[in-house]
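S.K.: Have a look at this one.
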Amino acid sequence: MRILTGLQPSGVLHIGNYFGAIKPLMDLQGKGEVFLFLADLHALTSLQDAAALRQAVRTAAIDLMACGLDVERTILWRQSDVPLHSELMWVLSTVTPMGLMERMVAYKEKTARGISSNVGLFTYPILQAADILAYDADLVPVGRDQKQHLEATRDIAVKINEAFGAGTLKLPEPAISEHVAVVPGLDGQKMSKSYGNTIDIFMEEKALRKRVMSIVTDSTPLEDPKNPDGSIIVDLYRLFATPEQVQEMKDQFRAGGMGYGHFKQRLFEAMWEYFAPMRARREEIVARPGYVDEVLAEGARRADAVARPVVNRVFSAVGLR
Ligand code: ATP
Ligand code: MG
């Protein structure tokens with residue numbers, strides 16, 4: 001089974017990204033052949049800073065490898081290193097009705113949020129369709145927000161097959177992860193870079209402790225019983241501790257006699273320990289000069305080898321070869 005997904009290289013990883021996106025992806029490595037690309041062509045629709053874009057791709061590659069990406073099994077590449085994405089996109093765009101793109105909610109939401117519109121942002125779902133269809137992907141794990149784009153991918157593939165022959169493109173199945181829990185941030189809202197309430201996974205020790213200590217709590221005095229239900233501290237602790245440890249913390253909340261600072265310290269320790277192997281792995285990777293470039297070059301070579309026959313098939317079906 002071929003599982004394909006793209007990640008926007010968007011800077012520093014936080015705990016929400018890790019448990020909501022990265023870890024589920026790493027767990028898929030045992031279930032099929034994972035194709036994972038760093039979507040720099042997509043990022044270009046909203047990031048106009050060459051150094052920042054280049055750096056974001058490297059950081060994403062390093063972080064993924066640190067978090068368990070197995071470069072032997074999983075194909076990791078930079079989207080722009082395989083020009084076939086862009087080439088296939090053109091062909092797909094010629095069968096894509098304007099109306100289909102005009103119905104895309106993500107575009108409307110982005111422009112409503114003040115992101116300046118450009119044609120690339122508008123046609124983004126066609127590039128996304130090319131990203132997927134170029135690899136004959138079986139399964140595409142996406143969040144709820146990407147469901148509409150995946151349906152558009154299928155619509156576009158159907159158009160090609162109707163016009164140029166059944167079997168020209170393979171229709172991918174979405175794997176919508178409905179059950180992924182939303183990780184709360186320091187203030188209890190969804191942890192998000194744009195809310196400034198994140199805890200980053202590769203933070204330095206002192207900064208991390210300080211961040212954890214800044215989790216918002218109520219003003220229940222130290223000696224009084226506290227309510228563990230809905231506590232941000234307990235909800236975050238759950239991600240790093242065993243069910244028994246969580247139960248113990250909840251009991252201590254209810255018993256009173258311990259302040260929030262104590263529980264935050266325990267959360268910090270659990271978190272620090274949880275990410276220790278990833279921090280160590282990250283240091284190893286960063287210390288090897290040229291390693292990231294090698295991995296990305298090899299990934300691009302392997303990705304190209306898979307996509308080329310597919311794109312050739314399409315090009316010859318439509319009369320370009
Ligand atoms: P932004 O504020 O710019 O939207 P973000 O911090 O929300 O950034 P994204 O780049 O939107 O991060 O998300 C990257 C991935 O991490 C997505 O798959 C998203 O679903 C997941 N993710 C982000 N925040 C959380 C969270 N708090 N809980 C669970 N998953 C999350
Ligand atoms: Mg977000």
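The values are calculated or read from the model by the stated rules, or taken from the named source; none is laboratory data. This one's a predicted model, so the numbers in the text were calculated from it and none came from an experiment. Every residue, glycine among them, receives a Cβ derived from its backbone with ideal geometry; neighbour counts consider all protein chains shown. For the accessible areas, the whole protein counts, side chains as well, though only heavy atoms, and no ligand, DNA or RNA atoms are used. Shrake-Rupley method; radii C 1.70, N 1.55, O 1.52, S 1.80 Å.
S.K.: Based on this model, can you work out whether A166 counts as away from ligand 1 (no atom under 16 Å from the Cβ), over 30 Å from F275 (Cβ atoms), of a type in the set (A, V, I, L, M, F, W, C) and surrounded by 18 or more Cβ atoms within 10 Å (Cβ to Cβ)? Break it down stepwise before answering.
M.R.: Values: away from ligand 1 (no atom under 16 Å from the Cβ): yes; over 30 Å from F275 (Cβ atoms): yes; of a type in the set (A, V, I, L, M, F, W, C): yes; surrounded by 18 or more Cβ atoms within 10 Å (Cβ to Cβ): no.
Here the answer is no, as A166 does not meet what is asked.
S.K.: Restricting to segment 203-218, what's the tally of residues that are under 18 Å from M278 (Cβ atoms) and open to solvent by 60 Å² or more (accessible area, probe 1.4 Å)?
M.R.: Residues in segment 203-218 being under 18 Å from M278 (Cβ atoms) and open to solvent by 60 Å² or more (accessible area, probe 1.4 Å): 4 in total.
S.K.: Right, next: Would you say G11 is surrounded by fewer than 20 Cβ atoms within 10 Å (Cβ to Cβ), among the small types (G, A, S) and under 20 Å from E204 (Cα atoms)? Spell out the reasoning first.
M.R.: Working: surrounded by fewer than 20 Cβ atoms within 10 Å (Cβ to Cβ): yes; among the small types (G, A, S): yes; under 20 Å from E204 (Cα atoms): yes.
Yes.
Let's see how each residue does on (1) touching a Leu at 6+ places or on another chain (Cβ under 6 Å); (2) within 16 Å of ligand 2 (Cβ to nearest atom); (3) in contact (Cβ under 8 Å) with a residue 60 or more places away in the chain:
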site	(1), (2), (3)
G6	no, yes, yes
K31	no, no, no
R58	no, no, yes
E87	no, no, yes
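S.K.: Now for a different question. Restricting segment 183-204 to residues that are within 16 Å of the chain's Cα centre (by Cα) and within 9 Å of ligand 1 (Cβ to nearest atom), which is farthest from K23 (Cα to Cα)?
M.R.: For segment 183-204, the residue satisfying everything is S194.
S.K.: Which residues, counting only those in segment 17-32, are more than 19 Å from L296 (Cα to Cα) and in contact with a Lys or Arg (Cβ under 7 Å, 6 or more places away or on another chain)?
M.R.: G32
S.K.: I'm trying to understand the selection: among the residues of segment 33-55, which are within 20 Å of R301 (Cα to Cα) and open to solvent by less than 20 Å² (accessible area, probe 1.4 Å)?
M.R.: Restricting attention to segment 33-55, the residues satisfying the condition of being within 20 Å of R301 (Cα to Cα) are 33-41, 54.
Hits for segment 33-55 are V34, F35, L36, F37, L38, A39, D40.
S.K.: Restricting attention to segment 133-147, report how many residues are among the hydrophobic types (A, V, I, L, M, F, W, C), open to solvent by less than 10 Å² (accessible area, probe 1.4 Å) and in contact with a strand residue (DSSP E or B) (Cβ under 8 Å, 6 or more places away or on another chain). Steps first, answer last, please.
M.R.: At the first step, the residues of segment 133-147 found to be among the hydrophobic types (A, V, I, L, M, F, W, C) are 133-134, 137, 139-140, 142.
Now restrict to residues that are open to solvent by less than 10 Å² (accessible area, probe 1.4 Å): 133-134, 137, 140.
Still in the list and also in contact with a strand residue (DSSP E or B) (Cβ under 8 Å, 6 or more places away or on another chain): 137, 140.
Residues meeting the conditions: 2.
S.K.: Based on what the data block shows, is T94 on the phi < 0 side of the Ramachandran plot, among the β-branched types (V, I, T), open to solvent by less than 30 Å² (accessible area, probe 1.4 Å) and in contact with a helix residue (DSSP H, G or I) (Cβ under 9 Å, 6 or more places away or on another chain)? Full working, then the answer.
M.R.: Working: on the phi < 0 side of the Ramachandran plot: yes; among the β-branched types (V, I, T): yes; open to solvent by less than 30 Å² (accessible area, probe 1.4 Å): no; in contact with a helix residue (DSSP H, G or I) (Cβ under 9 Å, 6 or more places away or on another chain): yes.
No.
S.K.: Could you grab the pairs with beta carbons closer than 9 Å, sequence gap of 6+ or different chains, first residue in segment 170-184 and open to solvent by 60 Å² or more (accessible area, probe 1.4 Å), second one in a loop (DSSP other than H, G, I, E, B) and within 12 Å of ligand 1 (Cβ to nearest atom)?
M.R.: Listed pairs, sorted by first residue: A181/L239; V182/M191.
S.K.: Sticking with this one: Taking segment 279-321, which residues are small (G, A, S) and loosely packed, with under 13 Cβ neighbours inside 10 Å? It would help to see each step written out before you state the result.
M.R.: Applying the first criterion (small (G, A, S)) to segment 279-321 yields 280, 287, 290, 297, 299-300, 303, 305, 307, 316-317, 319.
Correct list: A280, A287, G290, A305, S316, G319.
S.K.: While we're on this one: Which condition number does R209 fail, the rest of (1) of a type outside the set (S, T, Y); (2) over 30 Å from V142 (Cα atoms); (3) within 16 Å of ligand 2 (Cβ to nearest atom) being met?
M.R.: (3)
S.K.: Could you please let me know if I75 is hydrophobic (A, V, I, L, M, F, W, C), within 25 Å of P172 (Cβ to Cβ) and buried (at least 16 other Cβ atoms within 10 Å of the Cβ)?
M.R.: Details: hydrophobic (A, V, I, L, M, F, W, C): yes; within 25 Å of P172 (Cβ to Cβ): yes; buried (at least 16 other Cβ atoms within 10 Å of the Cβ): yes.
So I75 passes the test.
S.K.: What are the residues in segment 245-279 that are under 18 Å from D218 (Cα atoms) and in a loop (DSSP other than H, G, I, E, B), if any?
M.R.: Result: G256, G257, M258, G259.
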